[in-house]
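This report refers to the structure that appears directly beneath it.
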Amino acid sequence: MMLRVTLIALVLAGCSAYRAPNVAHRRLALRPRTAAPAIKAALLSPADTFEFMANEGLFRCDERKLKLFVKSIAAGAFVGTGGILCAGVGGDIGATAFWEAGNGLKRLTFGAIGFPLSIIAVGTTGASAFTGNLAFAGAALRAGKTSLYKVGKMLLVTYIGCLIGTFLAASLCALGALPAVGPSVHIAVHKLALSPLQTFIRGIGGGWLIALAITFATASTKGGGNFCDLALGVWLPISTYVICDFEHCLANMFFFFVALISGQGAQLGAMPVIYNLLYSTLGNIVGAGVIVGVFLQWATGPNCPVDTVRQAFGATPAAPAA
């Protein structure tokens, strides 16, 4: 009996000595909850996009010309790589050409696979393509950040570099006897069948859509987007330009070089090729440089003083009123 009483007393003493944990103290010891990070916009506003494009145009106009030249060769090679891919896939489906009526699905394949790779590679590696530089330079010129002389010098270096790059890619295709050789020759013949006016008008459409791809890429990547945003933003306008059979001077260079190097394009003739490149280049200048670079920068970009624009085009600023 005495032992039982002693055990009960010990249990009661232990219960009285037990102290509940300090829950409040434990809560305070927890790491304070941080505020949720602000969600970053996936796209820049139009004004910010064209401000970035104008700054990029200024950078490319002031860039060391040797570096610009090497970047342009790389861009031309990327365009040629896209040409190899699209001609070897979409251009090699069936017996009829993709530009003929009733071949919409073939045009879709031709546009969806090939040249989007070119612009994605240009945007990812920092290469310098002529058509994209038209948009950048037009925005910089309209914003008064550079001069017409610097723009012309930059574009000339870029054009020559891209010409060499497309020649290198075409040599790889023709000398390697890739499956894209035959379709490339047919495409080159098709392009020379267009009238100068048709080539120029199609060049406007091609330059406009390629510059839109550059605009989409700028808005997505500078706004915090990732590679998928870049790829999708480029793929939509580039595939549209190819599907619609618009003209792009750099792509034309590639197809003409393949036809000439392979020996299957003897019927092309030097002067028709030069005229095609002339009119397609002029159309690209209007579509990419003027419509997107200048007009859209003016319509949606930040305002700049009129005298700044006059100085950019080499004019003397207006004298202040007396």
Of the listed residues (Phe295, Phe246, Phe313, Phe254), the one being aromatic (Phe, Trp, Tyr), over 25 Å from Leu163 (Cβ atoms) and modelled with pLDDT of 90 or more is Phe295
Flagged in the range 99-119 as touching a helix residue (DSSP H, G or I) at 6+ places or on another chain (Cβ under 9 Å) and on the phi > 0 side of the Ramachandran plot, in numbering order, are Gly114
Confirm whether Leu134 is within 30 Å of Val89 (Cβ to Cβ), aliphatic (A, V, I, L, M) and at pLDDT 95 or above.
yes
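Can we say Thr281 is more than 25 Å from Glu51 (Cβ to Cβ), touching a residue at least 12 places away in the same chain (Cβ under 8 Å), among the polar types (S, T, N, Q) and surrounded by fewer than 20 Cβ atoms within 10 Å (Cβ to Cβ)? Can you show your working first?
Values: more than 25 Å from Glu51 (Cβ to Cβ): yes; touching a residue at least 12 places away in the same chain (Cβ under 8 Å): yes; among the polar types (S, T, N, Q): yes; surrounded by fewer than 20 Cβ atoms within 10 Å (Cβ to Cβ): no.
When the stated conditions are applied, Thr281 does not pass them.
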Across the range 205-220, the tally of residues that are open to solvent by 20 Å² or more (accessible area, probe 1.4 Å) and of a type in the set (Ser, Thr, Tyr) stands at 0
If we keep only residues of the range 221-246 that are within 15 Å of Phe115 (Cβ to Cβ) and in a loop (DSSP other than H, G, I, E, B), then the residue least open to solvent (accessible area, probe 1.4 Å) is Asp245
Taking the range 121-156 and keeping only residues that are open to solvent by 30 Å² or more (accessible area, probe 1.4 Å), over 29 Å from Cys228 (Cα atoms), of a type outside the set (Ser, Thr, Tyr) and in contact (Cβ under 8 Å) with a residue 40 or more places away in the chain, one is left with Arg142, Lys145, Leu148, Lys150, Lys153
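The values are calculated or read from the model by the stated rules, or taken from the named source; none is laboratory data. All values derive from a computational prediction rather than experimental measurement. Glycine also receives a Cβ, built like all others from the backbone with ideal geometry; neighbour counts cover every protein chain displayed. SASA here: full protein model, heavy atoms, side chains in, ligands and nucleic acids out. Shrake-Rupley method; radii C 1.70, N 1.55, O 1.52, S 1.80 Å.
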